[in-house]
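Read-outs throughout are calculated quantities, based only on the coordinates presented, and are distinct from any laboratory measurement. Remember, predicted model here, so these are calculated numbers, not experimental data. Don't worry about glycine lacking a Cβ; one is built from the backbone with ideal geometry, like all the others, and counts go over all protein chains shown.
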Amino acid sequence: MKYWLDTEFIENGKTIDLISIGIVADDGREFYAENLDADLSKASSWVQENVLPHLWSRQSDKSAANRWILDGGFGGLLSRESIAKDLILFFKADPSIQIWAYYADYDWVAFCQLFGTMMDLPDGFPMYCRDLKQECDRLGNPDLPLQESGEHNALADARWNRKAWELLKDYNCNAGCVVNSDLR
């Protein structure tokens, strides 16, 4: 099953500190969590201006901002350990986990670090993440859909990643390119 991932984080060139994580599953399930342990005082001015205002925990009307919970999703304001445990439940021991992200490198590191090192990933989890930007480059950089709202909210961005993947899948098939089996 395919999953689309996005994270928001604080980084200083040496560390990546997870702020939030959003994942959308092929079957429609969603996961969104904010890291209770994140030291938001270390956020750059860019993160303070562009990411923190979009956090679920900072919304005055949380019922309007928690669609993932209303849809039966997992998550909330959790410790890193709880996020990792909930992710294991979310993936339900899927034997064919395929994770996609846009500019995936830091997202993947932040994801793996929830479990310790990459070598500590739970059994059955992939050791790599597929990158939508690399797939976009491979296809000649077709125009991707605009994100209408929620940019820099991890779940909204994960939802957009799914839309971008669907466009790339359709573009790949319509352009007569050699079909990347990952996009089927």
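Once amide H atoms are built 1.01 Å from N in the peptide plane, which residues 5 or more positions from Phe125, or in another chain, come under 5 Å H to H?
For Phe125, whose amide H was placed from the backbone, there are no distant partners under 5 Å.
Counting only residues 5 or more places away or on other chains, whose amide H sits under 5 Å from the amide H of Leu77 once H atoms are built in the peptide plane?
Residues meeting the criterion, in which the H sits 1.01 Å from N, are Glu34.
Just to check I understand the Karplus step: with θ = phi - 60° and J = 6.51 cos²θ - 1.76 cosθ + 1.60, what whole-Hz values come out for the stretch 113-127, glycine and proline as x?
Rounded to whole hertz, the list is 5, 4, 9, x, 9, 4, 5, 8, 4, x, 3, x, 7, x, 8.
Would you list the P(r) distribution for the stretch 1-154, with all Cα-Cα distances sorted into 5 Å bins from 0 and each bin expressed as a whole %?
So the P(r) values, bin by bin, are 2, 9, 17, 23, 22, 15, 10, 3, 0.
In the stretch 76-117, which chymotrypsin sites (Phe, Trp or Tyr not before Pro) fall in coil by DSSP and have 15 or fewer other Cβ atoms within 10 Å?
Passing both the DSSP loop test and the Cβ count: Tyr103.
For the stretch 5-45, build the convex hull from the C-alpha positions and give me its volume per residue in Å³.
Cα convex hull per residue, to the nearest whole number: 73 Å³.
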